[in-house]
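Here the structure comes first, spelled out in structure tokens, and everything after it is commentary.
All of the numbers you see were taken from the coordinates with simple rules; none came from a lab. Given the structure is predicted, the values throughout are model-derived calculations rather than measurements. Note: ideal-geometry Cβ built from the backbone for every residue, glycine included; neighbour counts use all protein chains shown.
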Amino acid sequence: MAAKRPKLAVWKFSSCDGCQLSLLDCEDELLAVAEAVEIAYFLEATRAEVRGPYDVSLVEGSISTPHDAERIHKVRRKSRALITIGACATAGGIQALRNFHDVDDFVRSVYAHPEYISTLAKSTPIQDHVPVDFELRGCPIDKFQLLEVLNAFLNGRKPNIPRHSQCVECKLSGTVCVMVAKGEPCLGPLTQAGCGNLCPSCDRPCYGCFGPKETPNTASLADWSVRCLGRDERQVRHMFRAFTAYAEPFRKESEAHE
């Protein structure tokens, strides 16, 4: 009798679907994934649904509505392991920029009938609402890192995901530092590696898509940007308010420059 395959579920909350698509982008590797697990719930790929509980749940998106806040608890209860994927799920996402202002002002400005809009005051990561077993960073996530995390959880080991900064990736690949060579503010010294050195290799600064690395010295980079790169307080504040603006180290540093 064939061994029973673990059940994999993929859930979407407030997001753009890009991290879910990273799983479908695995292409050749996707067949091996499908052989190793039973894809029980994944509306991006199929309408078929197998009832839980689920051995592994991948959760994309932030909690931005009352419905989200209620639904994530239901997902957690029927998931043995819950892995958040992407900047929205791990840091609130680009939509968390609203957290720094009054969301009601935005609703009144954008919608003709704001009375129909049901939203929370803030966009928050999944870990603010339920226990999370692992966070996979990125905007979007790296498909090879996703495969590594799935392999690790299915085999009962710790995922081998780098925790060093983007600057290490630049050095290893021989990429010229845009901050030193061009005087452009770059979040590379503070950002966890994982994108494959994408923006710096295209002569652009790092925007922090993979969120802050462990113990980032945000104050030092902010001070360098002012003293050595000639940026003002507004520019420094905006530097920290991008894809992972509500991650605690970036949020606190940006608020220090209000």
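Structural remarks
- The 3J(HN,Hα) values that the Karplus relation (6.51, -1.76, 1.60; θ = phi - 60°) gives for the range 215-225 are, in residue order, 6, x, 8, 5, 5, 5, 5, 4, 5, 4, 5 Hz. Gly and Pro appear as x.
- Reported to the nearest whole Å, the Cα centre-to-centre distance from the range 148-188 to the range 79-113 is 25.
- Under Karplus coefficients 6.51, -1.76 and 1.60, residue-wise ³J(HN,Hα) of the range 160-177 in Hz, glycine/proline x: 9, 10, x, 10, 7, 7, 4, 4, 4, 5, 4, 5, 5, 8, x, 6, 6, 6
- At q = 0.20, 0.24 Å⁻¹ the log10 of I(q)/I(0) for the range 121-228 amounts to -1.09, -1.33, computed by Debye summation with a single uniform scatterer per C-alpha, solvent ignored.
- Charge context of residue 96, other residues only, Cβ under 12 angstrom, K/R +1, D/E -1: +2
- Derived scalar couplings between HN and Hα for the range 108-122 equal 5, 6, 8, 9, 5, 10, x, 5, 8, 8, 10, 8, 8, 5, 9 Hz in order, rounded to whole Hz, by the Karplus curve 6.51 cos²θ - 1.76 cosθ + 1.60 (θ = phi - 60°), x for Gly and Pro.
- Dipole of the chain computed with +1 at Lys/Arg Cβ and -1 at Asp/Glu Cβ about the Cα centre; of 94, 170, 152, farthest Cα towards the positive end is 152.
- Remark on residue 81: its backbone amide H falls under 5 Å from those of 56, 57, a criterion applied only to residues 5 or more positions apart or on other chains, H modelled at 1.01 Å from N.
- Counted charge near residue 178, where neighbours are those whose Cβ lies closer than 15 Å (Asp, Glu -1; Lys, Arg +1): +1
- Annotation for residue 47 and residue 29: the two label points, set 7 Å from Cα along the Cα-Cβ direction, are 3.1 nm apart.
- Under the criterion of Cα pairs below 8 Å and six or more residues apart, the relative contact order for the chain equals 17 percent.
- Counting Lys and Arg as +1 and Asp and Glu as -1 over every other residue whose Cβ lies under 13 Å from the Cβ of residue 127, the net charge comes to -2.
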